[in-house]
Amino acid sequence: MPDHTPSSRDLSLPAAFFTVFLCMLFGANAVAIKISLAGLGPFTTATIRFSISSLAIFLWAWATGRPFAFRHDKIADMLFVSVLFTAQLSLFYVGLSKTNASRGSLIANLQPFFTLFLAHLFIPSDRITPRKLIGILMGFSGIAFVFLEKKGISAEFRSGDLIMLCATFLWALSAVYVKRIIDDFRPFQLVFYPIVLSIPVFAVEALLWDQRMVIHLDATIVGAVLYQSIVTAAFGFVAWNSLLQRYGAVALHSFLFIMPISGVVLGGLVLHEPITPRILLALGFIVTGILTVHYRPEWRIWPFFLYRG
């Protein structure tokens with residue numbers, strides 16, 4: 001049986017740098033998706049991405065001897081997680097096709113706050129403390145600035161933002177449910193099987209609802225799809241879970257604030273999206289909220305970021 005004892009080892013400085021690097025990669029994922037949507041339909045992009053990433057994860061699990069089997073009485077749990085995953089990613093890709101990557105990245109980073117709220121309701125051991133409540137309020141205040149932004153924002157952007165918000169809520173719901181059942185599975189199984197089961201659904205959605213499955217293909221579009229498939233969904237998953245296994249979630253969560261910063265900055269630099277004062281205010285509130293929620297007294301600053309040590 002797998003060892004489910006949480007790790008609490010301090011992050012070494014090289015591990016802290018590597019975690020920063022991973023968070024930057026994850027933060028850039030919305031930009032990569034936005035680039036790929038210029039050449040592929042939303043559901044076509046999801047179908048290709050998760051087909052490649054499922055193969056990569058399968059090969060990694062097979063090469064490292066990880067078992068694919070789980071208890072038969074847990075099939076319903078796996079199916080429910082897969083439904084949430086498929087619905088969340090379907091909404092995520094559609095929403096991001098209608099809004100900016102920077103706005104989508106900020107909205108997606110509400111997930112930790114939604115998760116805290118839902119965990120308080122459904123997991124008795126996860127209660128909202130006064131400090132966490134302040135962090136949650138700061139996070140939602142940040143998103144208020146996103147929705148208050150009017151410069152260059154059309155009705156389609158508004159609908160995209162709302163779809164992203166729904167996707168983020170489903171992501172949090174899935175995270176809470178996974179937290180309740182994770183001891184009955186190997187962690188990679190809760191990623192691999194939902195991905196595999198989502199692929200035919202994405203393919204059908206692409207046939208039914210993508211106005212054009214393939215608009216055009218060039219090296220940039222292909223590179224963006226491979227980035228989502230290999231860098232974040234495969235390499236990112238393996239690397240993050242390796243760090244989780246060695247250092248534990250508490251140590252890694254202190255770096256989550258890097259993801260929205262990466263998404264907003266790269267959205268501006270790569271896609272030339274407007275970074276307005278309200279977007280910067282939203283980023284500040286969300287980053288501060290994440291830091292407030294995950295603050296630990298043992299954090300150190302070296303030289304520009306937080307780590308445990």
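The values are calculated or read from the model by the stated rules, or taken from the named source; none is laboratory data. Bear in mind that the values here come from a model prediction, so they are computed numbers and not experimental data. Every residue, glycine as well, gets a Cβ built from its backbone with ideal geometry; the counts of neighbours run over all protein chains shown.
Suppose the filter is at pLDDT below 80 and not hydrophobic (A, V, I, L, M, F, W, C); does ARG296 pass it?
Details: at pLDDT below 80: yes; not hydrophobic (A, V, I, L, M, F, W, C): yes.
For ARG296, the condition - at pLDDT below 80 and not hydrophobic (A, V, I, L, M, F, W, C) - is met.
Could you tell me whether ALA28 is at pLDDT below 95 and over 15 Å from the mean Cα position of the chain (by Cα)?
Answer is no for this residue.
Looking at ARG186, ARG180, can you tell me which residue is buried (at least 16 other Cβ atoms within 10 Å of the Cβ) and basic (Lys, Arg)?
ARG186
Among the residues that make up region 164-184, is at least one of them within 24 Å of LYS98 (Cβ to Cβ) and hydroxyl-bearing (Ser, Thr, Tyr)?
Looking for residues that are within 24 Å of LYS98 (Cβ to Cβ) and hydroxyl-bearing (Ser, Thr, Tyr), one finds at least one in region 164-184, hence yes.
Of everything in region 63-82, what is at pLDDT 95 or above and under 20 Å from SER229 (Cα atoms)? Give them in sequence order.
SER82
What's the number of the only condition in (1) within 20 Å of ALA87 (Cα to Cα); (2) surrounded by 19 or more Cβ atoms within 10 Å (Cβ to Cβ) that LYS132 fails to meet?
It fails just one condition, (1).
So, SER97, is that one closer than 17 Å to THR288 by Cα, part of a helix (DSSP H, G or I) and of a type in the set (S, T, N, Q) or not? Please lay out each step first, then the result.
On the way: closer than 17 Å to THR288 by Cα: no; part of a helix (DSSP H, G or I): yes; of a type in the set (S, T, N, Q): yes.
So SER97 fails the test.
Is it true that SER242 is in a helix (DSSP H, G or I), surrounded by fewer than 15 Cβ atoms within 10 Å (Cβ to Cβ) and at pLDDT below 85?
Numbers: in a helix (DSSP H, G or I): yes; surrounded by fewer than 15 Cβ atoms within 10 Å (Cβ to Cβ): yes; at pLDDT below 85: yes.
Considered against the rule, which asks whether it is in a helix (DSSP H, G or I), surrounded by fewer than 15 Cβ atoms within 10 Å (Cβ to Cβ) and at pLDDT below 85, SER242 comes out as yes.
Are any residues in region 125-181 under 11 Å from PHE113 (Cα atoms) and not in a helix (DSSP H, G or I), and if so, which ones?
ILE128
Can you name every residue in region 203-235 that is part of a helix (DSSP H, G or I) and either touching a strand residue (DSSP E or B) at 6+ places or on another chain (Cβ under 6 Å) or over 18 Å from ALA32 (Cβ atoms) (or both)?
Filtering region 203-235 down to residues part of a helix (DSSP H, G or I) leaves 203-209, 219-235.
Scanning region 203-235 gives ALA203, VAL204, GLU205, ALA206, LEU207, LEU208, TRP209.
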